[in-house]
1. Being farther than 17 Å from GLU127 by Cβ, out of contact with any Cys (no Cβ under 6 Å at 6 or more places or on another chain) and not in a loop (DSSP other than H, G, I, E, B) narrows it down to one of ALA101, ALA106, ALA68, so name that one.
2. Could you say which residue among ASP150, ASP115 is on the phi < 0 side of the Ramachandran plot, among the acidic types (Asp, Glu) and touching a residue at least 24 places away in the same chain (Cβ under 8 Å)?
3. Which residues, counting only those in the range 129-140, are part of a loop (DSSP other than H, G, I, E, B) and in contact (Cβ under 8 Å) with a residue 24 or more places away in the chain?
4. Within the range 114-127, which residues are in contact with a strand residue (DSSP E or B) (Cβ under 7 Å, 6 or more places away or on another chain) and either assigned to a strand (DSSP E or B) or buried (at least 20 other Cβ atoms within 10 Å of the Cβ) (or both)?
5. Scan the range 75-92 for residues that are assigned to a loop (DSSP other than H, G, I, E, B) and either open to solvent by 40 Å² or more (accessible area, probe 1.4 Å) or of a type in the set (Gly, Ala, Ser) (or both) and jot them down.
6. Checking ALA138 against (1) over 22 Å from LYS56 (Cβ atoms); (2) out of contact with any helix residue (DSSP H, G or I) (no Cβ under 7 Å at 6 or more places or on another chain); (3) surrounded by fewer than 21 Cβ atoms within 10 Å (Cβ to Cβ): exactly one of these is not met. Which one?
Amino acid sequence: IRFLTDGDKLCWPFARAALRPWKQKGPFAVDLAAFGSITVRGDSTDVDTVRNIFVKHDYQVPSEAARARLLARMQAIAAEGKVPLIVDAGANIGAAAIWFAHEFPAATVLAVEPDPANHAMLRRNAEHRARIEPVEAAIGSEPGTVVIEDHGGADAVRTVASETGIAMLTMDNL
């Protein structure tokens, strides 16, 4: 499936038409023009997530002044010989990580996702994107393990502390 584009922006009427297969079961690829392709699950909320990020621009920096400050900080980090780091906590299938990697090409994106099914899709979508590093874990205030509680969809889960399960890391442990 390919989006028709207007420069680097996705055109919503075409995007909506391109995403009609969302009712199908199983994964399918969506071409996001300058962002490359992403694989989504037709029987999940993945399509809504992609639409919110790439069509509605939910992650767009709200003002040019804020964007300039952010880019200046990233340049200062790079000037110190370091690589700017973006942490996508709750990365789902990697859509936001793809957006971050495109918008901030000097940065590495740590895409942290605890849900095994979402993390599998995240790994698939990050496979050929060197600056996105998938991490299968939850983030918390102290290290430990958690289990996932499903609340009705791939983007509606929460973690609960447990003796066994998925690793929970702190920001310092990443």
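1. Values: ALA101 fails: farther than 17 Å from GLU127 by Cβ; ALA106 fails: not in a loop (DSSP other than H, G, I, E, B).
Only one candidate passes the filter, namely ALA68.
2. Details: ASP150 fails: touching a residue at least 24 places away in the same chain (Cβ under 8 Å).
Among ASP150, ASP115, only ASP115 is on the phi < 0 side of the Ramachandran plot, among the acidic types (Asp, Glu) and touching a residue at least 24 places away in the same chain (Cβ under 8 Å).
3. Restricting attention to the range 129-140, the residues satisfying the condition of being part of a loop (DSSP other than H, G, I, E, B) are 129-131, 136-137, 140.
Residues satisfying the conditions are ARG129, ARG131, GLU136, ALA137, GLY140.
4. Residues of the range 114-127 that are in contact with a strand residue (DSSP E or B) (Cβ under 7 Å, 6 or more places away or on another chain), as a first pass: 114-115, 119, 121-126.
Answer for the range 114-127, where residues must be in contact with a strand residue (DSSP E or B) (Cβ under 7 Å, 6 or more places away or on another chain) and either assigned to a strand (DSSP E or B) or buried (at least 20 other Cβ atoms within 10 Å of the Cβ) (or both): PRO114, ASP115, HIS119, MET121, LEU122, ASN125, ALA126.
5. Hits for the range 75-92 are GLU80, GLY81, LYS82, VAL83, GLY90, ALA91.
6. It is condition (3) that ALA138 fails.
Conditions tested, residue by residue: (1) surrounded by fewer than 14 Cβ atoms within 10 Å (Cβ to Cβ); (2) modelled with pLDDT of 85 or more; (3) closer than 16 Å to PHE100 by Cβ.
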{"position": "THR5", "(1), (2), (3)": "no, no, no"}
{"position": "ASP8", "(1), (2), (3)": "yes, no, yes"}
{"position": "LEU32", "(1), (2), (3)": "no, yes, yes"}
{"position": "VAL50", "(1), (2), (3)": "no, yes, yes"}
{"position": "GLU64", "(1), (2), (3)": "yes, yes, no"}
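Here's the yes/no breakdown for (1) closer than 26 Å to HIS128 by Cβ; (2) of a type outside the set (A, V, I, L, M):
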position: ALA66; (1), (2): no, no
position: ILE77; (1), (2): yes, no
position: GLY81; (1), (2): no, yes
position: LEU85; (1), (2): yes, no
position: ASN92; (1), (2): yes, yes
position: PHE100; (1), (2): yes, yes
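The values are calculated or read from the model by the stated rules, or taken from the named source; none is laboratory data. As the structure is a computational prediction, the values presented were derived from the model and not from experiment. Quick reminder, even Gly has a Cβ in these numbers, built from the backbone with ideal geometry, and neighbours come from all protein chains shown. The area values use the complete protein model at the heavy-atom level, side chains included, leaving out ligands, DNA and RNA. Shrake-Rupley method; radii C 1.70, N 1.55, O 1.52, S 1.80 Å.
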